[in-house]
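Data first, discussion second: the structure below is written as structure tokens.
The values are calculated or read from the model by the stated rules, or taken from the named source; none is laboratory data. Please read these numbers as outputs of a predicted model, since none were measured by experiment. Glycine also receives a Cβ, built like all others from the backbone with ideal geometry; neighbour counts cover every protein chain displayed.
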Amino acid sequence: MITGSGDPRISAITNAADYLCNTASSVSLSVFGERLANTTAGAVDTPLPTKLDEVCVTANGALLPLLYVSPGPESNAQMLYSLPPEPASVQVHTRDVSATR
């Protein structure tokens, strides 16, 4: 169960390199929000996992490799080369609920 009350909430999604809103393919994304995970977890090996601490992130329905998840304020994922530069929908999925931006 997610810590705190309520569902996960995404407040912003940016390029992790410079925190600008440019989310071009093949860059790392920073997902800012609240209740994004139960605990803090980071990837320890490659290939990067698509699930950390019961959390996954999708862009246009495609699972993204994860670098880091935390309850907030930030989690990080890697965009896929195969996705268009500006994903129409990014979702953070936790055990029972999801948030969309």
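Taking region 92-101, which residues are surrounded by fewer than 19 Cβ atoms within 10 Å (Cβ to Cβ) and in contact (Cβ under 8 Å) with a residue 40 or more places away in the chain?
The answer is ARG95, ASP96, VAL97, SER98, THR100, ARG101.
PRO73 is checked against (1) of a type outside the set (Val, Ile, Thr); (2) over 8 Å from the mean Cα position of the chain (by Cα); (3) modelled with pLDDT of 95 or more and fails just one. What number does that condition carry?
PRO73 satisfies every listed condition except (3).
Tell me yes or no: at least one residue of region 25-44 is part of a loop (DSSP other than H, G, I, E, B), in contact with a Pro (Cβ under 9 Å, 6 or more places away or on another chain) and closer than 21 Å to PRO84 by Cα.
Yes, region 25-44 has at least one match.
In region 48-65, which residues are modelled with pLDDT of 90 or more, in contact with a strand residue (DSSP E or B) (Cβ under 9 Å, 6 or more places away or on another chain), over 10 Å from ALA37 (Cβ atoms) and outside any loop (DSSP other than H, G, I, E, B)?
Of everything in region 48-65, those that are modelled with pLDDT of 90 or more, in contact with a strand residue (DSSP E or B) (Cβ under 9 Å, 6 or more places away or on another chain), over 10 Å from ALA37 (Cβ atoms) and outside any loop (DSSP other than H, G, I, E, B) turn out to be CYS56, VAL57, THR58, LEU63.
Which residues, counting only those in region 42-66, are more than 16 Å from VAL90 (Cα to Cα) and either out of contact with any Phe, Trp or Tyr (no Cβ under 8 Å at 6 or more places or on another chain) or crowded, with 19+ Cβ neighbours inside 10 Å (or both)?
If the condition is that a residue be more than 16 Å from VAL90 (Cα to Cα) and either out of contact with any Phe, Trp or Tyr (no Cβ under 8 Å at 6 or more places or on another chain) or crowded, with 19+ Cβ neighbours inside 10 Å (or both), then VAL44, ASP45, THR46, PRO47, LEU48, PRO49, LEU52, ASP53, GLU54 are the ones that fit.
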